[in-house]
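The values are calculated or read from the model by the stated rules, or taken from the named source; none is laboratory data. All of these numbers come straight from a predicted model, not from anything done at the bench. Note that each Cβ is placed from the backbone with ideal geometry, even for glycine, and that neighbours are counted across all protein chains shown.
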Amino acid sequence: MNHNPDEYYNRREVSNSDLTELKNLLHPRQQFGDKEAAFRFGSLVDAIITEPDRVNVYRYTVDDVQYTADEFGLAREMYKSLQMEARKDEFLAKVLELSDTQRFMVNRAQQFEYGSFPFTLDTRCKWDWYLSACNFGGDLKTTFATSQKQFDEAVDFFDWDRSRAWYMDIANSNLDFIYAISKKNCLVFKKHINRGDTIYIRGREKYEELAFQYWCLNLAS
């Protein structure tokens, strides 16, 4: 299910990105690399893999955003690596074949609890891949990691665990996954997440604190 990309970002419900912005305000830390350039390139890879109708391969554009031939070349090599991985990974093959892509989801008055204090927020998320028949989905990432160990560290450092727990709880799903493609060597890394496992619990703890802080700030405003 595809949507105008601006439609999602103009919505008023709380997203994981909103929590990230709040965290950056409350707990600023040194940024490594060019965050805007990383987001821009990640958007190119996302579009090539999950929304190819937005991509003009002759003009090197996604919608009205202009890219270089080198950027397109790397993105297409990463796409080919994902396709090759799917030949060995039956689960990934099914994801690429059956998923709804870039599907957004809203949860009105979602219930939260922080320190035994209950509160509610209207929440939203946007899935790179969502398997409607199975009620779970997952995320596509680009990464500078060149090994599984580095990717595992990135899951915690970049709060991808928080993102996955947030999405799982909006959808009330018990499973989730991340596939990440390296911008350095085009290797594909993966992580499967189950409700109640270490990654889910760590991610939920992260988002509960930020969601409470978000709720408090909006209550005071």
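Residues in region 55-72 that are in contact (Cβ under 8 Å) with a residue 12 or more places away in the chain and either over 19 Å from residue 37 (Cα atoms) or in contact with a His (Cβ under 6 Å, 6 or more places away or on another chain) (or both): 57 alone. Go through region 92-122 and count every residue that is more than 12 Å from residue 138 (Cα to Cα) and outside any strand (DSSP E or B). Going through region 92-122 one residue at a time, the tally reaches 6.
The rows are residues; the columns are (1) surrounded by 10 or more Cβ atoms within 10 Å (Cβ to Cβ); (2) β-branched (Val, Ile, Thr); (3) modelled with pLDDT of 95 or more.
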{"residue": "49", "(1), (2), (3)": "yes, yes, yes"}
{"residue": "61", "(1), (2), (3)": "yes, yes, yes"}
{"residue": "73", "(1), (2), (3)": "yes, no, yes"}
{"residue": "87", "(1), (2), (3)": "no, no, yes"}
{"residue": "110", "(1), (2), (3)": "yes, no, yes"}
{"residue": "129", "(1), (2), (3)": "yes, no, yes"}
